[in-house]
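> Starting off with a structure, shown below.
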């Protein structure tokens, strides 16, 4: 079992009582992002995201108390945490529980993880971690490699913008439907992501669906999360997720062998 010892963590402090009135839930990114039409639709009024299918809800938590991690009271604000992978979830979940007294509900929706072999490996790792950590979660199972391969543009920035938009739109739509007050993502723990772009999109999607984006930079805990993943024997991926990023990984030769592909199977793009 993977148990997080919060005594080891140096948290960046946020006053829970001041969340509603702080910049954490007020847009601080002045310039809106021009979102892809695949997300917004022709009239730029409603996000177009894949219809919810194969949605599974898994309840793991029952008044769980583990060290300093305590399940929040039912009256506390509900937060939906989009989870990109298990290693990146370790610190944000510990932070929300220990520092803010919030018990997050996970939401695993990552159609950007390719190929299917890699998607299943990350999904299995996430589910094993979720069982150990006692977190409730929704699973939106969907590996959509074909959609990524069919992108009309080969520009990395547009790919990333579309990827963030798809996942945040679906997370916010689901959060609104299930009565969550807040949403955020474990993507905000990674130093390899475009944080300004993600924040802009997160605010736009949260506003579109009438919820609040909890704007916390989790990057100070990145190394802690990776250390916990190593100590627990957790699988740690070596590329972001999409079939394009696989080809850009320093470990691509080893990965291609593992997933049964060759360099000829990987599309090129403009970095």
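The values are calculated or read from the model by the stated rules, or taken from the named source; none is laboratory data. If you're wondering where the values come from, they're calculated on a predicted model, not measured in any experiment. FYI the Cβ positions are ideal-geometry reconstructions off the backbone, even for glycines, and counts take in every protein chain you see.
> Suppose we filter 187, 197 for residues that are under 11 Å from the mean Cα position of the chain (by Cα), assigned to a helix (DSSP H, G or I) and under 22 Å from residue 151 (Cβ atoms); which single one remains?
Of 187, 197, the one residue that is under 11 Å from the mean Cα position of the chain (by Cα), assigned to a helix (DSSP H, G or I) and under 22 Å from residue 151 (Cβ atoms) is 187.
> Further, regarding this structure: Could you tell me which residue of segment 141-167 is nearest to residue 244 (Cα to Cα), considering only residues that are modelled with pLDDT of 90 or more and touching a strand residue (DSSP E or B) at 6+ places or on another chain (Cβ under 7 Å)?
My answer is 156.
> Count, please, the residues in segment 191-207 that happen to be touching a helix residue (DSSP H, G or I) at 6+ places or on another chain (Cβ under 7 Å) and either over 12 Å from residue 160 (Cβ atoms) or at pLDDT below 95 (or both).
Of the residues in segment 191-207, 4 are touching a helix residue (DSSP H, G or I) at 6+ places or on another chain (Cβ under 7 Å) and either over 12 Å from residue 160 (Cβ atoms) or at pLDDT below 95 (or both).
> Another question about this same structure. Tell me, please, whether a residue that is buried (at least 19 other Cβ atoms within 10 Å of the Cβ) and part of a helix (DSSP H, G or I) can be found in segment 259-269.
For segment 259-269, residues buried (at least 19 other Cβ atoms within 10 Å of the Cβ) and part of a helix (DSSP H, G or I): absent.
> Which one of these does residue 114 not meet: (1) within 22 Å of residue 90 (Cβ to Cβ); (2) touching a helix residue (DSSP H, G or I) at 6+ places or on another chain (Cβ under 8 Å)?
All conditions are met except number (1).
> Right, next: Of the residues 145, 103, which is under 26 Å from residue 223 (Cβ atoms) and either surrounded by 21 or more Cβ atoms within 10 Å (Cβ to Cβ) or in contact with a helix residue (DSSP H, G or I) (Cβ under 8 Å, 6 or more places away or on another chain) (or both)?
103
> When only residues in segment 107-126 that are in contact with a strand residue (DSSP E or B) (Cβ under 9 Å, 6 or more places away or on another chain) and without any contact (Cβ under 8 Å) to a residue 40 or more places away in the chain count, which is surrounded by the fewest Cβ atoms within 10 Å (Cβ to Cβ)?
For segment 107-126, the residue satisfying everything is 123.
> Please determine, by comparing only the residues of segment 229-247 that are within 21 Å of the chain's Cα centre (by Cα) and in a helix (DSSP H, G or I), which one is farthest from residue 150 (Cα to Cα).
230
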